[in-house]
Amino acid sequence: MNRNIKHVLKSAFNAPQPTKKEAFLNSLPYPKATTYEFFLSQLGYIRKRFWCLSLLLFVGMTIFSTQLKHGSEIICFISTILPLLTLLTITEISKSMSFHMGELEDSCRFNLSKITLIRLSVIGIFHFVILLLVLFIFRDNSQYGLLRYALYAVTPFLLSSYLSFWITNHFKAKDTTYICGGVTIFISLSVFTLHSNYTELYNQNYTILWAAAFVAISILLIKELYFLMNERIRQWNFA
Amino acid sequence: MELCIDRISKQYKNKIAVDRLSLNLTSGVYGLLGANGAGKTTLMRMICGISKPTSGEVKFNGMDVSEERYRDALGYLPQDFGYYPEFSAQDFMYYMASLKGLTKSQAKLKTKELFEIVSLTEVAKKKIKTFSGGMKQRLGIAQALLNNPQILVLDEPTAGLDPKERVRFRNLISELGKDRIVLLSTHIVSDVENIANTILVMKNGQLIHKGALEEIIMIIKDKVFECTVDDKTAEHLIAAYPVINMRSEGENTFLRLVSDEKPHHTAVNVSATLEDLYLYYFSEVIENE
Ligand SMILES: Nc1ncnc2c1ncn2[C@@H]1O[C@H](COP(=O)(O)OP(=O)(O)O)[C@@H](O)[C@H]1O
Ligand SMILES: [Mg+2]
């Protein structure tokens, strides 16, 4: 079109007011994060306190353990300390409940089940790596062989995790921290007593018993985690 | 755009909180009115997919309430909400934005824009701990809008807002209701009188009325009377009719009440308001409180 005509046309007619501009802008899809990007963003929202205390517990435990001579002393010490990790996990996992953010979180695209799954996975993997490191560092000090060594160290930890999650699932949110704290300390002390007074439990003959306990507690723990993630974390649905 | 609620019920042990409620919503502002315990929060939670109905279903444009796509179209302000203690207002918005699946740059942009709208720009970096009730409520409204939701569910959004904030809130809601579904609950009549296109009245888990303000008021049109009588007559009238308002005026008592016919020869018919209707329906509850 001739430039002149264009110019004339423009000055002759006013451009119509844009209609439904708002509706048009609203209809434009905004760029969305992928599940992977969401996962990464959630890593940053696990409290620093959790990472620091976990590491502190681990480093302290390792340094102290290297001072011990006998494999049985080391395993006693490690299995007494590890259950304390559970307390850190529980406070981190149940923070939506304790700070009443769950309802808001659950109404989002990535809902509370997904958020909890991510928190659980990240914490689980982190603690698993810590456990592997512990086992690796003391692999030679052990008179038990790796399998029994792992069973003795990890089973009490699993037990305290199971009980803590059971408590979270069955008690009011504001009471759980104290009850979990009590139970965890009780388990730590019990393990210590077992090591000192019932050494026969750590004989080769009982390995099958330990393995059975390990499997049974794992199954129970998974059941509690599943219930927490899909039901209990929505605390407003419970009276 | 249509939100279909089909015969949903919610039962808690032996309490039926929502009772076979059906409702179709298209764009506009809906005011959900009901006394405490009427089931407003329970209904809204089911619409947001955070409580499972005992029976019935909720769908938006064919999407089921349990789908991720549904939640992507949803903004929700719960009746009560908390926050992680270390959060500033801005941290809170970025966190919510990440859960809603916004990218980082989108989150920044949207937070800035919304903080302007709810006047929190100056305190964006302050800890939420230091906020007043009204500021926290405005923050809650802002987060609900982060993903530009098609369905906006606000549970008692005006709680904690001062009169000035209320006016601004109403303007914002009217604007938002033009091209989306806004459902807000309240037990304060004046909150919905001016902004809701449709008023929903809920009682004992059921929807007892639904319609525009004028339609709803029709129910008690010509049934509201005022009179000033001596104390003895007043006692009789109070026993016989639902009383909406009363105050003593010297020797006498002023009464505003609902009746099918003239309750007393001095009574005069006055025009009904939504407040009258509300008080009429919820008078027992108010007496109990
Ligand atoms: N989690 C729950 N467990 C048991 N009963 C509940 C629960 N939530 C709500 N209710 C009951 O359901 C009814 C409706 O409550 P609600 O939806 O909160 O009403 P509203 O928001 O209108 O005040 C009330 O009687 C309340 O006690
Ligand atoms: Mg409520």
> Counting only other chains, what is the mean number of Cβ atoms within 10 angstrom of the Cβ of each residue in peptide A:32-44?
Replying inline: 4
>> If you fit an axis through the alpha-carbon atoms of helix B:274-288 and take the longest principal axis of the Cα set of chain B, what angle between them do you get, 0 to 90°, nearest 10?
In response: 80
> Once fully extended, how much extra length lies between B:His209 and B:Asp222, figured as 0.36 nm per residue of separation less the alpha-carbon to alpha-carbon distance?
Replying inline: 2.9 nm
>> Rounded to whole Å, give me the distance from the Cα center of segment A:174-206 to that of segment A:116-153.
In response: 18
>> What's the total accessible area buried between chains B and A, using a 1.4 Å probe, rounded to the nearest 100 Å²?
In response: 3200
> When the Debye formula is applied to the Cα atoms of the protein assembly as shown, each taken as the same point scatterer, what base-10 log of I(q)/I(0) results at q = 0.06, 0.08 Å⁻¹?
Replying inline: -0.43, -0.68
> Over 21 Å between Cα atoms, which of B:Lys13/B:Lys100; B:Lys13/B:Lys40; A:Lys172/B:Lys59; A:Lys114/B:Lys52; A:Lys48/B:Lys127 qualify?
Replying inline: B:Lys13/B:Lys100; A:Lys172/B:Lys59
> Between B:Ile117 and B:Ser105, what length in nm is gained on full extension when 0.36 nm per residue of separation is reduced by their alpha carbon distance?
Replying inline: 2.4 nm
> To the nearest 0.05, what FRET efficiency results for B:Asn245 and B:Ala159 with a Förster distance of 35 Å applied to their C-beta separation?
Replying inline: 0.90
> Can you give the FRET efficiency for A:Lys174 and B:Asn269, using 1/(1 + (r/R0)^6), R0 = 41 Å, r = Cβ-Cβ distance, to the nearest 0.05?
Replying inline: 0.15
> Using alpha carbons only, how many degrees (0 to 90, rounded to 10) separate the axis of helix B:89-99 from the longest principal axis of chain B?
Replying inline: 80
>> Need the per-residue list for segment A:101-138: every residue with at least 40 Å² less accessible surface in the complex of protein chains than in the chain by itself, probe 1.4 Å, sorted by number.
In response: A:Met101, A:Glu103, A:Leu104, A:Ser107, A:Cys108, A:Arg109
>> Can you tell me which of B:Val201, B:Val167, B:Val65 moves the most in a GNM of chain B? Springs connect C-alpha atoms under 10 Å apart.
In response: B:Val167
> So what is the relative contact order of chain B, in percent, for Cα pairs below 8 Å that sit 6 or more residues apart?
Replying inline: 21
> Between A:Thr66 and A:Leu135, what is the FRET efficiency for a Förster distance of 22 Å, r being their Cβ-Cβ separation, to the nearest 0.05?
Replying inline: 0.95
> Share of the protein assembly as shown's accessible area from carbon and sulfur, percent, 1.4 Å?
Replying inline: 59
>> Are there DSSP H segments in chain A that both extend 20 Å or more along their axis (alpha-carbon positions) and score a mean Kyte-Doolittle hydropathy of at least 0.5? List them, or say none.
In response: A:48-66, A:112-137, A:146-170, A:173-197, A:207-227
> How far apart, in nm, are two points set 7 Å out from the Cα along the Cα-to-Cβ line at A:Trp51 and at A:Asn197?
Replying inline: 4.2
>> Tell me the Rg and the Dmax, in Å, that the Cα atoms of segment A:69-204 produce.
In response: 17.2, 54
> Taking chain B as a Gaussian network, Cα atoms linked when under 10 Å apart, which of B:Lys100, B:Lys262, B:Lys221 shows the biggest mean-square fluctuation?
Replying inline: B:Lys262
> Averaged over peptide B:61-70, how many Cβ atoms belonging to another chain are found within 10 Å of each residue's Cβ?
Replying inline: 1
> Got a sec? Which residues of segment B:72-86 lose 50 Å² or more of accessible surface with every protein chain in place, vs. that chain alone, 1.4 Å probe?
Replying inline: B:Asp72, B:Tyr84
>> If I fit a long axis through the Cα atoms of helix B:104-117 and take the longest principal axis of the Cα atoms of chain B, what angle between them do I get, 0 to 90°, rounded to 10?
In response: 30
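The values are calculated or read from the model by the stated rules, or taken from the named source; none is laboratory data. Predicted model only: the values in this text are computed from it and were never measured. Using ideal geometry, Cβ is built from the backbone for each residue, glycine included, and neighbour counts are taken over all protein chains shown. Just so you know, the surface numbers come from the protein's heavy atoms only, side chains and all, with ligands and any DNA or RNA stripped out. Shrake-Rupley method; radii C 1.70, N 1.55, O 1.52, S 1.80 Å.
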